[in-house]
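Scroll down for the structure; my scribbles are underneath it.
The values are calculated or read from the model by the stated rules, or taken from the named source; none is laboratory data. Keep in mind the model is a prediction, meaning the values are calculated, not measured. Neighbour counts are summed over all protein chains in view; Cβ atoms, including those assigned to glycine, are modelled from backbone coordinates with ideal geometry. For the accessible areas, the whole protein counts, side chains as well, though only heavy atoms, and no ligand, DNA or RNA atoms are used. Shrake-Rupley method; radii C 1.70, N 1.55, O 1.52, S 1.80 Å.
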Amino acid sequence: MRKSERRKTAAARQATTQPAEAQPAQWRTTQETLVMAQISRTTLHKATKAGTFPKPIKIGKKCVWIDSEIKEWMKR
């Protein structure tokens, strides 16, 4: 099998294993989350602790929220 044929089969295999509608998650920083949800920092932390707002993901010292979870929270 030639190199170009191996690439084509690998690409075809990868395309079938990943759904077409899968999109990478958009992350929001604390400040972006506050602006998007239109709430204060205190309200954000209280709602997160109470479980009424999505939990953040810790990356080192930073916390980020997933954009789709914030939008889903806003719809409710």
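A compact table of results
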{"read-out": "Qualifying residue in the range 50-73 (condition: at pLDDT 90 or above, more than 20 Å from the chain's Cα centre (by Cα) and not polar (S, T, N, Q))", "value": "yes"}
{"read-out": "Qualifying residues in the range 46-75 (those that are surrounded by 15 or more Cβ atoms within 10 Å (Cβ to Cβ) and aliphatic (A, V, I, L, M)) - the one farthest from R28 (Cα to Cα)", "value": "A47"}
{"read-out": "Count - residues of the range 23-45 that are open to solvent by 70 Å² or more (accessible area, probe 1.4 Å) and assigned to a helix (DSSP H, G or I)", "value": "6"}
